[in-house]
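Any read-out appearing in this document is the output of simple, stated calculations on the displayed coordinates, not a laboratory observation. Quantities reported herein were computed from a predicted structural model and do not represent experimental measurements. Glycine also receives a Cβ, built like all others from the backbone with ideal geometry; neighbour counts cover every protein chain displayed.
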Amino acid sequence: MKKIILITMLLLLVATLHINAQAPAVQWQKSFGEKNLDYDIQRTTDGGYIVAKRSGPINGGYTWIIKFNSFGTIVWKKKLGRKNILYEILYGAKSVQQTSDGGYVVAGYTWSSYHGDNCWIIKFNYLGTIVWKKSLGGSDFDIATSIQQTTDGGYIVAGGSDSNDGDVTGNHGGSDYWIVKLNSSGTIEWQKSLGGSDDDLAYSIQQTTDGGYIVAGCAHSNDGDITGHHGSTRCTDYWIVKLSSSGTIEWQKSLGGNCDDIAEAIQQTSDGGYVVAGRLSSNDGDGTEHHGSNGTSDYWIVKLNSSGTIEWQKSLGGSGNDGPCLVWQTSDSGYIITGYSWSTDGDVIEHQGPASSGNYWIVKLGYPTRF
């Protein structure tokens, strides 16, 4: 998912502010004139930002890790990756987080003509020096899409794997959710392949207050670990999985309808439940009030209780394709959702330019008074 640094930084600020009638002034902005394919960003404890982004063509390129101060000045930047006419190594950044020691951890993927695709995890200190790096996976396609530091100082990683060798065991066929628990030095403590015989991919993971984990992504499968899939397995459902602290499935839920529905982000809420944001293309099953024709995507926000039962769900968008990237619960128990929109109607107003040009779209939801 493409994420423009300027817009995303502003979104992070918006999520922490009350919405006022008067628009805030721009404090600073940065623009990068490259083709940017993967992005993640987090505000840091010093008031600045850490950015991970991949740039360059699809068959070669680099990942940049960039530290900004609170004024938008680059403090340091690191360029990862190399390419050569005889071999290529491609780094793709998917997730970045500041760690408790003031450093940073980045997760993504590598590709090389010698070793194929692997997840990679890199730990930096606060100056941007590499402390350690790990390549994880097997002989097939492996990718890390989300990483979070855990309360014990280690890390939980989510993504997908087609492998059933190397670091990976228990693959069900096709691509599985691959969940990996690392210690503070990046050594694997345990790993789990979750899914069924079709392709399934995790996009977001978070440690929960009970020490377990909540995972969100999409699944084609309706066998193995997965039950309740809606419609044909040619299409995807949201697949939400609650894991214990050791990676055992406590419950799982398939949410969606007869078209492709993809969960992009999940967060535990203050009441012990979960809020999920993703793309809804269905207008049946769990999804209602879809905008546009069957197959175009809406923002789909689903509130689950602590057992994974739907408390409420909301479709937001217009007749074009709209899709969220991130969701936060706000201090007033509402929600901020950020993403993109190609719609010029429905819930989307003040779209800039023609419908053929996408806009970034920010939505604030209040706390529902009843379900």
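So the values come out like this:
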{"read-out": "Fewest-first ranking of 229, 351, using other Cβ atoms within 10 Å as the exposure measure", "value": "351, 229"}
{"read-out": "From the C-alpha gyration tensor of the stretch 229-296, square roots of 5λ in Å", "value": "25, 14, 9"}
{"read-out": "Which of 197, 175, 185, positive extreme of dipole for the stretch 118-214 (C-beta unit charges)", "value": "185"}
{"read-out": "Restraint check, 253/314; 192/253; 134/192; 67/242, Cα-Cα greater than 25 Å", "value": "67/242"}
{"read-out": "Label zone at residue 312, where the point sits 7 Å out along the Cα-to-Cβ direction: the stretch 318-341 residues whose backbone N lies under 12 Å", "value": "333-335"}
{"read-out": "Centroid-to-centroid separation of the stretch 173-204 and the stretch 212-243 [C-alpha atoms, Å]", "value": "14"}
{"read-out": "Spin-label pair residue 362/residue 270, simplified geometry with 7 Å Cα→Cβ offset, distance in nm", "value": "2.1"}
{"read-out": "In nm, spacing of pseudo-spin labels at residue 169 and residue 227 (7 Å Cα→C-beta vector)", "value": "2.6"}
{"read-out": "Local electrostatic count at residue 328 - Lys and Arg +1, Asp and Glu -1, tallied over other residues with Cβ under 14 Å", "value": "+1"}
{"read-out": "Amide H within-cut-off set for residue 264, under 5 Å, with H built and near neighbours excluded", "value": "277, 278, 279"}
{"read-out": "Efficiency of FRET from Cβ geometry, residue 352 and residue 293, R₀ 22 Å, rounded to 0.05", "value": "0.45"}
{"read-out": "Paramagnetic reach from residue 333 (point 7 Å along Cα→Cβ, amide N under 19 Å) across the stretch 288-312", "value": "302-312"}
{"read-out": "For the stretch 227-371: Kirkwood Rh in Å [reciprocal of mean 1/r, alpha carbons]", "value": "15.5"}
{"read-out": "Loop sites in the stretch 229-267: trypsin sites (Lys or Arg not before Pro), DSSP, at most 11 other Cβ within 10 Å", "value": "234"}
